[in-house]
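For reference, the structure discussed in these notes is given below.
All of the numbers you see were taken from the coordinates with simple rules; none came from a lab. Just so you know, these numbers come straight off a predicted model, no measurement behind them. Here the Cβ positions follow ideal geometry from the backbone for every residue, glycine too, while neighbour counts run over all protein chains shown.
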Amino acid sequence: MEKEYSSKIDSLRQYHNTGVTLPIAWRKQQLRQLKRLVLENEGAFFDALAKDLGKPIVESWTSEVSLVVKKADYYFKHVERFAKPRKVKTPLAGQPGKCIVKPEPLGVVVVMGAWNYPLQLILSPLAAVISAGNCAVLKPSELTPTCSQLLAELIPKYMDQQAFIVIEGGVEETTVLLAQKVEHIFYTGNGRVARIVMAAAAKHLTPVTLELGGKSPVYVDESCDLKITARRLAWGKFTNAGQICVAPDYILTTQRMRDRLVAAIKDEVRAMFGSDPKQSDSYGRIVNQSHVTRLLGYLEGANIVPGGGQHDIKQRYVSPTIVLDPKLDSLLMQEEIFGPILPIITVDGFDDAVKFVRERDKPLAAYLFSKNKQQQQRWTDEISSGSQCINDVFMFSIVPELPFGGVGPSGMGQMHGRFGFERFSHMKAVMQRANIADPSIRFAPYTKNKLKWLKMVS
Ligand code: NAD
């Protein structure tokens, strides 16, 4: 395996070294092909996502297929502008001269995806990888095998085979892949494996992007619009059965608000998924039985709101479940939940909620539901997180001009829009000087007089 992977990566690098990825025309053509790949195989994608994750077609369209199409279109439209060298101001000491920032491709990039959005988490970064003019090894998650196989089958059919390859497999294959020298590793997944990725990358001084998760908190204030809040929270938590990196992990609210909020969320869950979500076409499944078992473990001894906690391990089903005031040292409150369990924790008010969040790891997202302008300002001033949304959940992720990525344990490196292009580019500094004789002030021998002049001009 070692020899096979290293020879594959060598071939990609040699191909890259020919300069084939430099013309914008090649990049645009690959982006066009990426779009064709998803649109022409939409049905196969829907089937694979249904098989691996029980993903409803509407979710497969909005958060997988159409998202990749939008990314391909976006970079197609902007790649020329992004790739253009940018002129910057040249200081007096560099005159006459010209300074530019010239983006250049990195070379060979590894993209490792997670299972919760098995297509999008490989193909969206691929759009940015292409726009920046790189070759890539794509490594889909082995936990969603139907999607992984589909990508392995389609990528060579649609994309430049000398520039993009898929390597399938689990820990064994990934370990060998990570031992190879590449120019960037883009990893989406959990923090434990991220440490393995970073340690492997350190051997070759390979830069990494780590798109991780964590516990994204929500504070619901008494001033919020209860119906809108409950609806957005129910959607944000129970879409994809809660398996979303930016899903609200837990809610903080006051004693006065708690029961009203629980009732309102329950109403919204019923409106979206009916009285038995197991029968609903709109409610997804957990990726595998061991993740169901993990989630059920969180519920042991928990104060579950009636109606929650139903499950069917064989069918990988866990019902939307609200838990009231869990112990803060329980696994439920120590680990990222990544499933349809929503703890609600009582706090004294806004200040207490801010303190609660600040005492913990910096999250990937932090949400505030409040009409209070002062609270809105303080939330963005005082909470550090990858992203934030006031009065909604992860809708920021649809805005290409907003960077997407974590801070601290929730990740490093930002994606989307220009941030994605620059992630996979080296922003090279270039200075060009004119051949005009220089004033002697710059050169030795140094004198007191020269120092006086240097102090005046610099
Ligand atoms: P996963 O199990 O699919 O693992 C991700 C990748 O790591 C896969 O390609 C897998 O093959 C590889 N891998 C697993 N174990 C490995 C090992 N020991 N050595 C080398 N490689 C290994 O996915 P996961 O980690 O369970 O994904 C869920 C996590 O991903 C959650 O924490 C979630 O928040 C996060 N996530 C983040 C984003 C984001 O954009 N920030 C998006 C989706 C998911």
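Separation of the alpha carbons by more than 18 angstrom is noted, of 35/70; 215/314; 215/362; 139/428; 28/77; 89/428, for 215/314; 139/428. The C-alpha radius of gyration of the stretch 214-254, expressed as a fraction of 2.2 N^0.38 Å, stands at 1.15.
Spacing of the modelled spin labels on residue 312 and residue 455, each 7 Å from Cα toward Cβ, amounts to 8.4 nm. Taking the fewest neighbouring Cβ atoms within 10 Å as the starting point, the ordered list for 81, 316 is 81, 316. Here the translational diffusion coefficient of the stretch 235-306 follows from Stokes-Einstein with Rh set to the Kirkwood radius across Cα pairs; for 20 °C and 1.002 mPa s it amounts to 155 µm²/s.
Where the alpha-carbon atoms of the stretch 297-346 are placed on the principal axes, they occupy 32, 22, 16 Å, in descending order.
How large is Rg/Rh for the stretch 160-292, to two decimals, with Cα atoms and a Kirkwood Rh? Display every interim value, and only then the final one.
On the way: Rg = 20.5 Å, Rh = 18.3 Å.
Rg divided by Rh gives 1.12.
Given bins 20 angstrom wide, list per bin the percent of all Cα-Cα distances in the chain, short to long. Answer for the chain: a P(r) of 23, 49, 23, 5, 0 percent. Expressed per residue, the C-alpha convex hull volume of the stretch 316-458 stands at 262 Å³.
Whole-Hz Karplus values for the stretch 9-15 come out as 5, 4, 5, 4, 5, 4, 5 Hz, taken residue by residue from phi with 6.51 cos²θ - 1.76 cosθ + 1.60 and θ = phi - 60°; glycine and proline positions read x.
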